[in-house]
Amino acid sequence: RQPVWINLEYLSAEAFVERCHGLVSPQLSGPGAGLLKWFFYPGFTARTGGLIREVGLQHRQQSFDRSRWLANLGALPERGERVVSLFCYEQPALPALIAQLGQEPTLLLLTAGHATRQSLQWLGPTMRHGALRAIALPSLSQTDYDHLLWASDLNFVRGEDSFVRAQWAGQPFVWQIYPQDDAAHLIKLQAFLDRHLTAVEPRLAAQIRQFWTAWNTSNGAAPLALPPPEDWRRMCVTWRDHLLTQADLCSQLLEFVDQKRSRKR
């Protein structure tokens, strides 16, 4: 029997995703002549294929012991410290972020790689700046990276996978999108912000958009100002609850394939 040929596309919040999700492309020539190829788009709305979310994720998060996990990692915050995780590419705005975070008691948890290397250049061997102290973490498993996101009050993430996991964490997060030479990534960034901030109070939405845009475009000269943490956290929980109303990517993909097979029988 003919296979169900799926073209699983990249994740984007751009408007064309809803228009193209589930469309068919008949193959008229070449080795696949006579077959049908279907376009399947992950996404953030009911008119897309959804996001990866494994069974039991919510239960795992609800039973997570933040203090115990941080203590086992040797990263228990001191009284009054907010916990911030940093996972980034090369980031010229990092000194401005460190200066901003250093104005209040902050424990900055640095993931292995770019984040640790760049932060050490600015913090030096003391790993401190103002009221900020930093700890370089070892490489983490995917499970423990989830724990890091859950344990932090603010998460800086990059790329695609950590971006999605930060949304399931329900904590304030800032995304560094993978940079492209033609700046196409900035269109994708603003498309996500348009959806992410649709129902958000205008002043808070403007603060978040300004911070995200600066984090992805700044040459390091401009100061960074964080949005109000409690309002931001409530907004992220509301966004996560909205995403949870949608079926996950794998379930939708299996259902889609089953429907196409049924039509061929």
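The values are calculated or read from the model by the stated rules, or taken from the named source; none is laboratory data. Note that this is a predicted model, so its numbers are computed, not measured. Positions of Cβ are generated from backbone atoms using ideal geometry, with glycine treated the same way; all protein chains shown enter the neighbour counts. We work out accessible area using only protein heavy atoms, side chains counted, and drop any ligands, DNA or RNA first. Shrake-Rupley method; radii C 1.70, N 1.55, O 1.52, S 1.80 Å.
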Inset, instruction - Could you pull the accessible area for Ser262 with a 1.4 Å probe, rounded to 10 Å²? - result: 60 Å²
Inset, instruction - For the chain, with a Gaussian network of springs between Cα atoms less than 10 Å apart, report the residue from Leu76, Leu11, Leu254 with the top mean-square fluctuation. - result: Leu254
Inset, instruction - Search the structure for amide H atoms under 5 Å from the amide H of Arg82, placed 1.01 Å from N in the peptide plane, and list their residues when 5 or more places away or on another chain. - result: Thr106, Leu107
Legend entry - Highest-MSF residue in the chain out of Ala247, Ala199, Ala33 [GNM, Cα springs under 10 Å]: Ala33
Inset, instruction - Would you mind checking which residues have amide H under 5 Å from Phe173's amide H? H placed 1.01 Å from N; only 5 or more apart, or other chain. - result: Asn155
Legend entry - Calculated FRET value between Thr213 and Gln27, using beta carbons and R₀ = 35 Å, to 0.05: 0.30
Inset, instruction - Please work out the average accessible area per residue across the range 134-246, using the 1.4 Å probe convention, and give it in Å². - result: 45 Å²
Inset, instruction - Sticking with the crude label model, points 7 Å out along Cα→Cβ, report the distance from Leu204 to Leu140 in nm, one decimal please. - result: 2.4 nm
Inset, instruction - For n ≥ 4 DSSP H runs only, could you compute -39500 (n - 2.57) per run for the chain, divide by its residues and tell me the 222 nm figure to the nearest 500? - result: -13000 deg cm²/dmol
Inset, instruction - Between His242 and Ser262, with labels modelled 7 Å along Cα→Cβ, what's the label distance in nm to one decimal, could you check? - result: 3.0 nm
Inset, instruction - Run the accessible area of the chain with a 1.4 Å probe and give the carbon-and-sulfur part as a rounded percent. - result: 54 percent
Legend entry - Integer Hz, Karplus 6.51/-1.76/1.60 couplings in order for the range 95-100, x for Gly and Pro: x, 5, 5, 4, 4, 5
Legend entry - Karplus 3J(HN,Hα) series, Hz, for the range 116-130 with 6.51 cos²θ - 1.76 cosθ + 1.60 (x for Gly, Pro): 5, 4, 5, 5, 4, 4, 9, 8, x, x, 6, 6, 9, 7, x
Inset, instruction - Please work out the average accessible area per residue across the range 2-120, using the 1.4 Å probe convention, and give it in Å². - result: 50 Å²
Legend entry - P(r), alpha carbons of the chain - 10 Å bins starting at zero, rounded %: 6, 27, 32, 20, 10, 4, 1
Inset, instruction - Let me have the relative contact order for the chain, percent, based on Cα pairs under 8 Å that are six or more residues apart. - result: 20 percent
Inset, instruction - Order the peptides 97-107, 202-212, 52-62 from the highest to the lowest mean number of other Cβ atoms within 10 Å of their residues. - result: 97-107, 202-212, 52-62
Inset, instruction - Provide, for q = 0.10, 0.14, 0.19 Å⁻¹, the log10 of I(q)/I(0) from a solvent-free Debye sum over equal Cα point scatterers in the range 174-265. - result: -0.41, -0.67, -0.97
Legend entry - Per-residue ³J(HN,Hα) for the range 166-177, Karplus 6.51 cos²θ - 1.76 cosθ + 1.60, θ = phi - 60°, Hz, x for Gly and Pro: 5, 5, 5, 5, x, 9, x, 9, 10, 9, 9, 6
